[in-house]
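Peer 1: Provided herewith is a single structure, encoded as structure tokens, for subsequent inquiry.
The values are calculated or read from the model by the stated rules, or taken from the named source; none is laboratory data. Keep in mind the model is a prediction, meaning the values are calculated, not measured. Note: ideal-geometry Cβ built from the backbone for every residue, glycine included; neighbour counts use all protein chains shown. What goes into the accessible areas is simple: the full protein's heavy atoms, side chains included, and nothing from ligands, DNA or RNA. Shrake-Rupley method; radii C 1.70, N 1.55, O 1.52, S 1.80 Å.
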Amino acid sequence: MTTWTDSDLIAVRRAIASGIRSVTFADGRKTEYQSLDQLLAAERVIDASLKMQAQAASGLNRRRTPYYRSGL
């Protein structure tokens, strides 16, 4: 699993804005995407990953407990 940084997200957003399909990340990796849809998907993945990292660092832990109702 890759650890993403804010600069990676910025690089992807710049590529989307300029229409370039090639992105160079902070750690030196260079990736060329096939389409804008792939770039947009990468943006969503990086953004979600950064949000999860921030949530884990803050110590906030959300639990979701299902509530079942019998309907009777």
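Peer 1: Quick one: in region 26-42, of everything that is open to solvent by 50 Å² or more (accessible area, probe 1.4 Å) and not charged (D, E, K, R), which residue is nearest to V12 (Cα to Cα)? Explain how you work it out, then say what you get.
Peer 2: Taking region 26-42 as the starting set, the residues that turn out to be open to solvent by 50 Å² or more (accessible area, probe 1.4 Å) are 26-30, 32, 34, 36-38, 40.
Checking the rest, the ones that are also not charged (D, E, K, R) come to 26, 28, 34, 36, 38, 40.
Numbers: A26: 11, G28: 14, Q34: 14, L36: 11, Q38: 11, L40: 8 Å.
Among those that are open to solvent by 50 Å² or more (accessible area, probe 1.4 Å) and not charged (D, E, K, R), it is L40.
Peer 1: Now, a different point. Given V23, V12, V45, which one is in contact with an Asp or Glu (Cβ under 6 Å, 6 or more places away or on another chain) and either open to solvent by less than 80 Å² (accessible area, probe 1.4 Å) or assigned to a helix (DSSP H, G or I) (or both)?
Peer 2: Working: V23 fails: in contact with an Asp or Glu (Cβ under 6 Å, 6 or more places away or on another chain); V45 fails: in contact with an Asp or Glu (Cβ under 6 Å, 6 or more places away or on another chain).
Step by step, each of V23, V12, V45 is checked, and only V12 is in contact with an Asp or Glu (Cβ under 6 Å, 6 or more places away or on another chain) and either open to solvent by less than 80 Å² (accessible area, probe 1.4 Å) or assigned to a helix (DSSP H, G or I) (or both).
Peer 1: Would region 48-69 turn up any residue that is open to solvent by 100 Å² or more (accessible area, probe 1.4 Å), part of a loop (DSSP other than H, G, I, E, B), under 23 Å from A15 (Cα atoms) and modelled with pLDDT of 80 or more?
Peer 2: no
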